[in-house]
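Chemist: The structure that follows is given in the form of C-alpha cells.
No value in this document is a laboratory result; all are computed from the given coordinates. Being a predicted model, the structure only gives us computed values, none of them experimental. Don't worry about glycine lacking a Cβ; one is built from the backbone with ideal geometry, like all the others, and counts go over all protein chains shown.
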C-alpha cells in the first residue's frame, strides 16, 4: 500500500512540474530596456540636484516671485528643463501646471496655492492608459513652517526630481503605446498636497493609471547608523487596497488576496526587471504602504483607487532629513549634496525608466479575472481580453511564496484550465503578452487584485465622486476654491 501511495504522489508531482517553473514576469528579454538603462547618466543627476539645491529653499510657502530663490524659481526651472527635453523629441511633451489652494495645520489658515509641474508624453495607440512617475520638488527645515531659511533638500527630494527629469530625458527618445507622465509635486512636506493634485487631475481627465512610481529619498546608499548598501532599493507596496469595502475585505480574508493588490504585483514586476536588466542592483520588496508612521505622494493615488508604490533608498540617514544645516557635537546635520551617492541614484533611475518603458510597451493586465475550481482537481481562469495582447500566461505560486513560481501559456484565448492544479493550494494570476513579447504585470483574481481603478464607494455601493478623498484623516485639511483645471476658460478680451 505504501508503494502505491508513493507512486501516486510521484505522478501528481510530475503533473505539476510538467508545466514550466519560471522566473517571475516579465519573461522575455528586450534590448530596448538594456539601452534605456545604459542611457542614464550619473553626471546629469548631479547637475540637476546641484541646480535644485542652488535655489536655497524650495519650501512650498517660500517666495514665488524671485528669479533665483524659492519654490517659484524652482518650478520655472523644472518646467524649462521639460521644455528643453521636449524640443529634443520634436515636441513630444505637453507641460501643464495643475494647481489648487489648500488649508490645514501646516498651511496658512486662509489657504495657499500648491502647484505641480507635469510633463505628459502621450501614448501612440493607448493614450488613456497612463504610467506616472512622481517626486516632490518642495523641501523643508526642522520647523516645517519655516519658509524663509535655507533648506537644500538634496536627497529629500532633490534626488527624486533629478531621477524624474533624467527618466524623461531618456524615455522621450522612444515612442510607447501608453502615456507616460512625469510629475514634480509641491506641498508634499505640508500634507501630500501635490500628490493629491496630480491624482485628482488624473481622475478628472479620465486617465487609466496603471501605476504610480513615487520616488522619495532615493539617492543615498549610506545609512546614518553606518550601514551601506549600494546594491538595493526598497519598494513599498500596500497589501490590500486602501478603499476596499467591508464586504470586499471579508471575501479577501477568506479566499486570499491580502498580499496580491495590484500595487504588490507591480512591486514584484519591478523586482523581476531589476534582476534581468540591472547590474547588481536589486529591489527589496517591503510589504507596507510606506515607512512606519510616514507617507508620501503615492498615498493619494492609492486613495483614488490607483496602483502605486514608493521607492526609497535602502538605508536612510535621518540626521540629513528634515534638519537645518548645522554641526552639533561633531555630527553634521542637513540634507546637502555631499550626502547623495549619484551612482546609486543612477541605478534607482534606471529601475524607474525600465519599469515605465516595460509597462507602457506591454498590454494592460487582463480585466475581470475570475478563478474557479472548488471541489475539483483542475483550476480554471477566465478574463476579458486586453487591448494589444497576442496571448496570455497563467501563473501560480505556493500561498507562502513571495514571487510567482509556475507558468502555463494560455494562447490567444479568454480562459485556461490548469489540469491537476488544485485551487485550494495555490494563488493564481494571469498576465497579458503582446505579439512582440512585452508582458504586463500579473493580475490576481477579483477586486483584490484588479488593476482597474477602484474609487471610494458610498453606502449605496456607487462611487462617491468625492474630490481629494483622504482615508487616513492625518492632516484634517481641505481644498479652497476650484482647482486650476476647473476654472472656466477666459472669454474674449474686452477693452
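Chemist: Which ordering of 303, 188, 32 is given by a fewest-first count of other beta-carbon atoms within 10 Å? Walk me through the intermediate numbers first.
Modeler: On the way: 303 24, 188 28, 32 13.
In increasing order of surrounding Cβ atoms, one gets 32, 303, 188.
Chemist: So I have (1) 1.21; (2) 1.00; (3) 1.06, and one of them is Cα Rg over 2.2 N^0.38 Å calculated from this model. Which one is it?
Modeler: Matching entry in (1) 1.21; (2) 1.00; (3) 1.06: (2).
Chemist: Let's test the formula: R0 of 51 Å, r as the Cβ-Cβ distance of residue 173 and residue 460. What FRET efficiency results, to the nearest 0.05?
Modeler: On the way: r = 48 Å, r/R0 = 0.94.
FRET efficiency, residue 173 to residue 460: 0.60.
Chemist: Another question about this same structure. Pulled fully out, how much extra length does the chain show between residue 68 and residue 109, if you take 0.36 nm times their separation in residues and subtract their Cα-Cα distance? The partial results should precede the final answer.
Modeler: Working: separation 41, 0.36 × 41 = 14.76 nm, distance 2.76 nm.
Roughly 12.0 nm would be gained on extension.
Chemist: Then there's this: Can you sort 148, 179, 355, 399 so the residue with the fewest Cβ neighbours within 10 Å comes first? Working shown, then result.
Modeler: On the way: 148 14, 179 23, 355 27, 399 11.
The order, fewest Cβ neighbours first, is 399, 148, 179, 355.
Chemist: Right, next: Under 20 °C and 1.002 mPa s, how fast does region 21-168 diffuse according to Stokes-Einstein, given a Kirkwood radius computed over C-alpha pairs? Answer in µm²/s, whole number.
Modeler: Numbers: Rh = 17.2 Å.
Roughly 125 µm²/s, to the nearest whole number.
Chemist: Along the three principal axes, how long is region 139-203 when you take its alpha carbons, biggest first, rounded to the nearest angstrom?
Modeler: Result for region 139-203: principal-axis Cα extents of 45, 27, 13 Å.
Chemist: Let me ask something additional. Angle, helix 262-277 long axis vs. longest principal axis of the chain, Cα atoms, 0 to 90°, nearest 10?
Modeler: The two axes meet at around 90 degrees.
Chemist: Here's something else I'd like to know. Measuring from label point to label point, each 7 Å out along Cα→Cβ, what is the residue 94 to residue 35 span in nm?
Modeler: Result: 2.7 nm between the two label points.
Chemist: Given the chain, what percent of its DSSP beta bridges are antiparallel, to the nearest 5? Provide the component values of the computation, followed by the final result.
Modeler: Values: 50 of 74 bridges.
Here the antiparallel bridges make up roughly 70 percent for the chain.
Chemist: Per DSSP H run of at least 4 residues, take -39500 (n - 2.57); add these up for the chain, divide by its residues and hand me the 222 nm value, nearest 500 deg cm²/dmol.
Modeler: Details: 11 runs with 138 residues, N = 495.
Here the helix-only value at 222 nm equals -9000 deg cm²/dmol.
Chemist: Give me the percent relative contact order of the chain, please, defined on Cα pairs under 8 angstrom at least 6 residues apart.
Modeler: Once normalised by length, the contact order is 19 percent.
Chemist: Still on this model: Provide the FRET efficiency to the nearest 0.05 for the residue 146-residue 227 pair, computing r from the beta carbons and using R0 = 35 Å. Please report the intermediate quantities before stating the final value.
Modeler: Working: r = 30 Å, r/R0 = 0.86.
Once rounded, the FRET efficiency stands at 0.70.
Chemist: How far is helix 193-204 tilted off the main Cα axis of the chain, in degrees rounded to 10, range 0 to 90?
Modeler: On a 0 to 90 degree scale, this one is about 60.
Chemist: To the nearest 0.05, what FRET efficiency results for residue 318 and residue 467 with a Förster distance of 60 Å applied to their C-beta separation? Please list the in-between numbers first.
Modeler: On the way: r = 34 Å, r/R0 = 0.57.
Working from the Cβ atoms, E equals 0.95.
Chemist: Could you give the distance between the Cα centres of region 59-137 and region 276-311, to the whole Å?
Modeler: 21 Å
Chemist: Distance between the C-alpha centers of region 173-250 and region 386-400? Whole Å please.
Modeler: 24 Å
Chemist: How long, wide and thick is region 273-370, going by the Cα atoms along their three principal axes, in whole angstroms, largest first?
Modeler: Computed over region 273-370, the largest-to-smallest principal extents equal 60, 33, 19 Å.
Chemist: On to the next question. Out of all DSSP beta bridges with both ends in region 229-329, state the antiparallel percent to the nearest 5.
Modeler: Values: 5 of 10 bridges.
Of all bridge pairs located within region 229-329, approximately 50 percent are antiparallel.
Chemist: Taking every Cα atom in region 91-223, find the radius of gyration and the maximum pairwise distance Dmax, and write them in Å.
Modeler: In Å, with Rg to one decimal and Dmax whole: 15.5, 47.
Chemist: In degrees, nearest 10, range 0 to 90: what is the angle between the Cα axis of helix 42-53 and the longest Cα principal axis of the chain?
Modeler: Computed tilt is about 40 degrees.
Chemist: What's the exposure ranking of 176, 306, 342, going from fewest to most Cβ atoms within 10 Å? Intermediate values should be presented prior to the final figure.
Modeler: On the way: 176 23, 306 28, 342 20.
By the 10 Å Cβ count, ascending, the order reads 342, 176, 306.
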